[in-house]
Amino acid sequence: MNLLDILTPEMVMPELAATDKTSVIREISSYIAEHKANLKADDIVKTLLDREQLGSTGIGEGVAIPHGKLTGLDTLVACFGKSERGVDFAAIDNQPTHLFFVLLAPNNSAGLHLKALARISRLLKNPEFRDRLIHAKHATSLYYIIAEEDARI
């Protein structure tokens, strides 16, 4: 699975306004709902916050991968958001989180969901890639950087 199979250019947010974990989830959820007519922001927020109750999806190194399964989806939905200043996302390394890759999956997609999470995690392990994303200013640049890394790995 390639990341660009699930991430589209319009699902890239170059600068999040949110300053805390819940606000990040709300901001990204609203954005997704604006771009995906069949999804409601409140449902996305609930799904992501419920998952966060199990343990933070802040995996460290400035990265979080909020994810969950959502009723009514027929395909994976991905959204990437960036916070240049960083947000306390209760990451495992207690460092601010800058890069947020949200993944929503249909209820019946365990295998595909796990493959997507693994792909995202593997790409974001590269410190040079993360640095390039943090310093990019525009959605187009972010998408291009993601596409380039996705093709390389």
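Here are the numbers for the structure shown:
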| item | result |
| --- | --- |
| Linear extension gain, residue 151 paired with residue 53, 0.36 nm per residue minus alpha-carbon span | 31.9 nm |
| Global geometry of segment 50-153, whether rounded, prolate or oblate, following the gyration tensor of its Cα atoms and the 1.5 cut on a/c | oblate |
| Whole-percent carbon and sulfur share, accessible surface of the chain, 1.4 Å | 52 |
| Distance in nm between pseudo-label sites at residue 94 and residue 10 (7 Å out along the Cβ direction from Cα) | 4.3 |
| Segment 50-107 - share of DSSP beta bridges that are antiparallel (%, nearest 5) | 65 |
| Percent of C-alpha pairs per 10 Å bin, segment 1-115, short to long | 15, 51, 32, 3 |
| Segment 6-62 shape via C-alpha gyration tensor axes, a/c threshold 1.5 | oblate |
| Estimated distance in nm for a label pair at residue 46 and residue 117, the labels positioned 7 Å out from Cα along Cα-to-Cβ | 2.1 |
| Estimated FRET transfer efficiency when R0 is 22 angstrom, pair residue 37-residue 141 (beta carbons, to 0.05) | 0.20 |
| Alpha-carbon centroid distance for the pair segment 56-76 / segment 131-147, whole angstrom | 20 |
| Ranked by how many other beta carbons lie within 10 Å on average, peptides 57-64, 145-152, 98-105 from highest | 98-105, 57-64, 145-152 |
| Computed lengthening from residue 18 to residue 134, 0.36 nm per intervening residue step minus Cα-Cα distance | 40.2 nm |
| Solvent exposure of segment 108-150 as accessible area per residue, Å², 1.4 Å probe | 55 |
| Probe 1.4 Å, accessible area per residue of segment 1-78, Å² | 48 |
| Extension gain, residue 1 back to residue 110 (0.36 nm per residue minus Cα-Cα distance, nm) | 37.8 nm |
| Beta bridges by DSSP in segment 5-153, antiparallel share as percent, to the nearest 5 | 55 |
| GNM top mover of 54, 39, 123 - the chain, alpha-carbon springs below 10 Å | 54 |
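The values are calculated or read from the model by the stated rules, or taken from the named source; none is laboratory data. Computed from a prediction, not measured in an experiment: that's the story for all the values here. Every residue, glycine as well, gets a Cβ built from its backbone with ideal geometry; the counts of neighbours run over all protein chains shown. With ligands, DNA and RNA removed, areas are computed over all heavy atoms of the protein, side chains included. Shrake-Rupley method; radii C 1.70, N 1.55, O 1.52, S 1.80 Å.
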